[in-house]
Amino acid sequence: MRDFKKYDVWKLSHELVLKVYRVTSSFPDSEKYQLITQMQRAAYSITANISEGCGRESDKDFNRFLQIAQGSAHELEYFFILTKDLSFIDEKSYEGLNQQVNEIKKKLYKLSLRLKA
């Protein structure tokens, strides 16, 4: 059985979840049940799917969960663009969040390729 806490991509994703929770705490109350929850779900979906995939016995099953995590990372990347365009976050915050989610996407892709080899 794999230990998800040992994967760098999981660690980086967990850090991003915490950042998303911090940044969304300052969003307007009108977004409480909409954009805030969607962003938080997309963020923790990445880490949750990596974790769940680690509990699977086959590389094929693990890879399937990595693909779901990859989809959530793409979704979150869009939410960063949207929140910047809505002026909920500034350009500097956007750049940092966007850079981190793109690094996560690259790491997920590379891990997925290793599992297929």
Members of the range 1-25 that are closer than 18 Å to residue 98 by Cβ and touching a residue at least 60 places away in the same chain (Cβ under 8 Å)
9, 12, 13, 15, 16, 19, 20, 23
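Here is a yes/no grid of residues against (1) closer than 20 Å to residue 1 by Cβ; (2) under 14 Å from the mean Cα position of the chain (by Cα):
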| site | (1), (2) |
| --- | --- |
| 20 | no, yes |
| 25 | no, no |
| 29 | no, no |
| 39 | no, yes |
| 58 | yes, no |
| 76 | no, yes |
| 97 | no, yes |
| 114 | yes, no |
| 117 | no, no |
Filter the range 59-109 down to residues that are surrounded by fewer than 19 Cβ atoms within 10 Å (Cβ to Cβ) and among the aliphatic types (A, V, I, L, M), then give me how many there are.
4
Scan of the range 1-22 for residues that are farther than 22 Å from residue 70 by Cβ and buried (at least 16 other Cβ atoms within 10 Å of the Cβ), ordered by number
none
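Values in this text are rule-based calculations from the coordinates and carry no lab data. Please read these numbers as outputs of a predicted model, since none were measured by experiment. We place every Cβ from the backbone using ideal geometry, glycine too, and count neighbours over all the protein chains shown.
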